[in-house]
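A.B. asks: Have a look at this one.
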2 protein chains.
Amino acid sequence: MNQTIILKSRPEGTPKLSDFEFQKDDNTLSISDGELLLETKYISVDPYLRGRMSDAKSYVPPFNLNEPITSGVVAQVKASKHNNFKEGDYVSGMLAWKTQQISNGEGLNKISPDRAPLSAYLGVIGMTGLTAFLGLQEIGKPKSRETLLVSGAAGAVGSVVGQIGKILGLRVVGIAGTDEKVDMLKSDFGFDDVINYNTTQDMAQAIKDTCPDGIDVYFDNVGGPISDAALFSINRFARIIICGAISVYNKTELPKGLSVQPFLVKNSALMQGFIVSNYAEKFPEAMTQLSGWLSEGKLKYTETIVEGFENTPQAFIDLFSGKNKGKMIVKA
Amino acid sequence: MNQTIILKSRPEGTPKLSDFEFQKDDNTLSISDGELLLETKYISVDPYLRGRMSDAKSYVPPFNLNEPITSGVVAQVKASKHNNFKEGDYVSGMLAWKTQQISNGEGLNKISPDRAPLSAYLGVIGMTGLTAFLGLQEIGKPKSRETLLVSGAAGAVGSVVGQIGKILGLRVVGIAGTDEKVDMLKSDFGFDDVINYNTTQDMAQAIKDTCPDGIDVYFDNVGGPISDAALFSINRFARIIICGAISVYNKTELPKGLSVQPFLVKNSALMQGFIVSNYAEKFPEAMTQLSGWLSEGKLKYTETIVEGFENTPQAFIDLFSGKNKGKMIVKA
């Protein structure tokens, strides 16, 4: 039996289970020449998918209603009439939330479970790792001994950003939402300091205290009041990387906050949004670097694996209450 | 008689005349070897000076209370014991608000009234022109046929930015505060379209209407609600140049507005503050370009000249109600 998860309604505010619908059918999928039959193994759920569920103009078109959601997926080839893939191969790519699907192979990367666990191809050596590495390098242009602040530090991207910061010789301060995450980032990932925003009254002061030399690079995954608070500590020529704004994705009104312009002009600071595909030509080089660090043990990762294809919508929803540590992945 | 204008108190909100004080003395200034006696001819009053009147941490130290204000000044050498300058020479530089003063020549540029009117060295071929040119080029990286939006378009920097945009082949839309300014920008400076923000109800819609292909480069001199409204029209990879935020300089509370982060991430857009001295190594090249355009008649300028040294504080205050067209200059 094949299952598909479609977008039933555009979420208002925080997504609900009823925004998604399961479709089941017993049809046997048959492939033609040049096609593959894929069986889904792991599904990546990511905050940015929230944007595609709205129908606002954006750089990528919104998901259509009553059609499957797509995201990063690791799948196994069950049958192939394609020259480049054979039965048993593993692939990663942007695929539909289906237990089985047919592909013409376009956009699929062959991956090896011998080099790294399959799920890592969705995380630390997948789009997540590339997002962390390329955002930090291309926009942040970090220099040894500078101070790097990372919000959403215990998330998939943030936990990799902080570690890369340490590899590059920066002082790294994180912001996370539970004491357990704080401990993990300090003990397991080598962050120099971490602020628990849920137990901190005055975030601006806490950031000042933990970044006594000011912030040179701020890798921002959250937006909102936390990012406002960071503005008071930015240094001259600071670079603020806008990777995401998870704290406001579910707002039904346009989010407001401090005007950033006076801070930017006073400090000749830069703030830049990006998506990882802007740097597609750098993927091979970046992947080599990330895989190297991973195999040398310099880069660690954590995952929150949710079992069962049917739990994919809930796993996605749980991102917004920070239930994940590191990469949130569904094992189909 | 020598007169000096000192900062008497740090302005709260909009500066008042009582924040300044005149000091007069009859002492004859005498120079030593390596020094010059300068007589002030023109004084530049600029919005950014407001920042230096507060004692907030910034890239330049605040003015000290009970000491003279400094800004761009054109002066004539009345006596010289310095090898590089002789009596009668004209110079420009950052100098005190004094009718006469002594200098060791450091930071002074010799200028020629034969090449351009003396006041232009404070404007279109001075810091103003450099600010317009280098901000637009270095951050805006404009490409022919892109759309450039300029706020504070009738101001000293804005009017030059728009003209450079036209020279470079862009579609240029301005924002200004009176119909007279709108007419001037269209008729005299070649802007393609100009919005009067004082008579426009829905700025976001007006910007959409005048920038039907979206905004590729936004040169922002004002900040505040006008800049919020521009966010709705930015294109993918838009560059937002934060040159100033005159609309909020006099706020006594931290200004708030739309959170820019979601707009930046959605469009992979960049927002960067600067001061012209960041690009000091490009001044000679930029000055050659600006002088060339000026002598070819491609670049025009307008000035609001206020007569009388004693009117310098009022001229400065009038910047914030937009009393100037183009560069505001005091003729001492």
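A.B. asks: Restricting attention to the range A:1-40, which residues are farther than 23 Å from A:L108 by Cβ, in contact with a strand residue (DSSP E or B) (Cβ under 8 Å, 6 or more places away or on another chain) and outside any strand (DSSP E or B)?
C.D. replies: Answer for the range A:1-40, where residues must be farther than 23 Å from A:L108 by Cβ, in contact with a strand residue (DSSP E or B) (Cβ under 8 Å, 6 or more places away or on another chain) and outside any strand (DSSP E or B): A:M1, A:K8, A:D19, A:D26.
A.B. asks: Ok, one more. Among (1) within 23 Å of B:D318 (Cα to Cα); (2) at pLDDT 95 or above; (3) outside any strand (DSSP E or B), there is one condition B:G51 misses while meeting the rest; what is its number?
C.D. replies: Among (1) within 23 Å of B:D318 (Cα to Cα); (2) at pLDDT 95 or above; (3) outside any strand (DSSP E or B), the lone unmet condition for B:G51 is (2).
A.B. asks: Another one. Quick one: is A:G273 of a type outside the set (V, I, T), at positive phi and assigned by TED's automatic domain parsing to the domain that holds A:N198?
C.D. replies: Criteria not met by A:G273.
A.B. asks: So which residues in the range B:84-101 are without any contact (Cβ under 8 Å) to a residue 40 or more places away in the chain, assigned to a loop (DSSP other than H, G, I, E, B) and polar (S, T, N, Q), if there are any at all?
C.D. replies: Hit for the range B:84-101 is B:N84, nothing else.
A.B. asks: Within the range B:95-140, which residues are of a type in the set (D, E) and assigned by TED's automatic domain parsing to the domain that holds B:I6?
C.D. replies: Of everything in the range B:95-140, those that are of a type in the set (D, E) and assigned by TED's automatic domain parsing to the domain that holds B:I6 turn out to be B:E106, B:D114.
A.B. asks: Here is a further query. In the range B:252-276, which residues are within 7 Å of chain A (Cβ to nearest Cβ) and of a type in the set (F, W, Y)?
C.D. replies: B:F274
A.B. asks: Does the range A:309-332 contain any residue that is of a type in the set (G, A, S), touching a Leu at 6+ places or on another chain (Cβ under 7 Å) and assigned to a helix (DSSP H, G or I)?
C.D. replies: no
A.B. asks: Show me the strands (runs of 3 or more DSSP E) entirely contained within the range A:201-301 in which 2 or more residues are more than 23 Å from A:L185 (Cα to Cα).
C.D. replies: Passing ranges, in order: A:234-242, A:256-258, A:270-273.
A.B. asks: Of the conditions (1) of a type in the set (F, W, Y); (2) more than 10 Å from chain A (Cβ to nearest Cβ); (3) surrounded by fewer than 22 Cβ atoms within 10 Å (Cβ to Cβ), B:F219 clears all except one; give me its number.
C.D. replies: For B:F219, the failing item is (3).
A.B. asks: Can you say whether B:C211 is away from chain A (no Cβ under 13 Å), in contact (Cβ under 8 Å) with a residue 12 or more places away in the chain and crowded, with 20+ Cβ neighbours inside 10 Å, as far as the supplied structure shows?
C.D. replies: Details: away from chain A (no Cβ under 13 Å): yes; in contact (Cβ under 8 Å) with a residue 12 or more places away in the chain: yes; crowded, with 20+ Cβ neighbours inside 10 Å: yes.
Judged against the criteria, B:C211 is a match.
A.B. asks: Counting just the residues of the range A:1-41 that are of a type in the set (S, T, Y) and at pLDDT 95 or above, which one comes out surrounded by the most Cβ atoms within 10 Å (Cβ to Cβ)? Outline the logic, then answer.
C.D. replies: Of the range A:1-41, the ones of a type in the set (S, T, Y) are A:4, A:9, A:14, A:18, A:28, A:30, A:32, A:40.
Filter again for at pLDDT 95 or above, leaving A:4, A:9, A:18, A:32, A:40.
On the way: A:T4: 19, A:S9: 14, A:S18: 10, A:S32: 8, A:T40: 22.
Applying the filter and picking the extreme gives A:T40.
A.B. asks: Now for a separate question. Can you work out which of the residues in the range A:189-200 that are in contact with a Lys or Arg (Cβ under 8 Å, 6 or more places away or on another chain) and not in a strand (DSSP E or B) is surrounded by the most Cβ atoms within 10 Å (Cβ to Cβ)?
C.D. replies: Looking at residues that are in contact with a Lys or Arg (Cβ under 8 Å, 6 or more places away or on another chain) and not in a strand (DSSP E or B), I get A:F191.
A.B. asks: Now, a different point. For the range B:277-328, what are the residues that are open to solvent by 20 Å² or more (accessible area, probe 1.4 Å), among the β-branched types (V, I, T) and either within 14 Å of chain A (Cβ to nearest Cβ) or out of contact with any Lys or Arg (no Cβ under 9 Å at 6 or more places or on another chain) (or both)?
C.D. replies: B:T288
A.B. asks: Okay, moving on. Can you name every residue in the range B:179-188 that is open to solvent by 10 Å² or more (accessible area, probe 1.4 Å), within 20 Å of the chain's Cα centre (by Cα) and within 15 Å of B:I167 (Cα to Cα)?
C.D. replies: If the condition is that a residue be open to solvent by 10 Å² or more (accessible area, probe 1.4 Å), within 20 Å of the chain's Cα centre (by Cα) and within 15 Å of B:I167 (Cα to Cα), then B:D188 is the only one that fits.
A.B. asks: If you don't mind, another one. Among the residues of the range A:236-251, which ones are open to solvent by less than 10 Å² (accessible area, probe 1.4 Å) and more than 7 Å from chain B (Cβ to nearest Cβ)? Quick ask: steps written out before the conclusion?
C.D. replies: Taking the range A:236-251 and keeping what is open to solvent by less than 10 Å² (accessible area, probe 1.4 Å), we get A:238, A:240-242, A:244-245.
Within the range A:236-251, A:A238, A:I240, A:I241 meet the criteria.
A.B. asks: Looking at the range B:42-58, can you tell me whether even one residue there is more than 14 Å from chain A (Cβ to nearest Cβ), open to solvent by 10 Å² or more (accessible area, probe 1.4 Å) and hydrophobic (A, V, I, L, M, F, W, C)?
C.D. replies: So far as the range B:42-58 goes, no, none of its residues is more than 14 Å from chain A (Cβ to nearest Cβ), open to solvent by 10 Å² or more (accessible area, probe 1.4 Å) and hydrophobic (A, V, I, L, M, F, W, C).
The values are calculated or read from the model by the stated rules, or taken from the named source; none is laboratory data. These numbers were taken from a predicted model, which means no experiment stands behind them. Methodologically, a virtual Cβ is constructed for each residue, glycine included, from the backbone with ideal geometry; neighbour enumeration extends over all protein chains shown. For accessibility, only protein heavy atoms count, side chains too; no ligands or nucleic acids. Shrake-Rupley method; radii C 1.70, N 1.55, O 1.52, S 1.80 Å.
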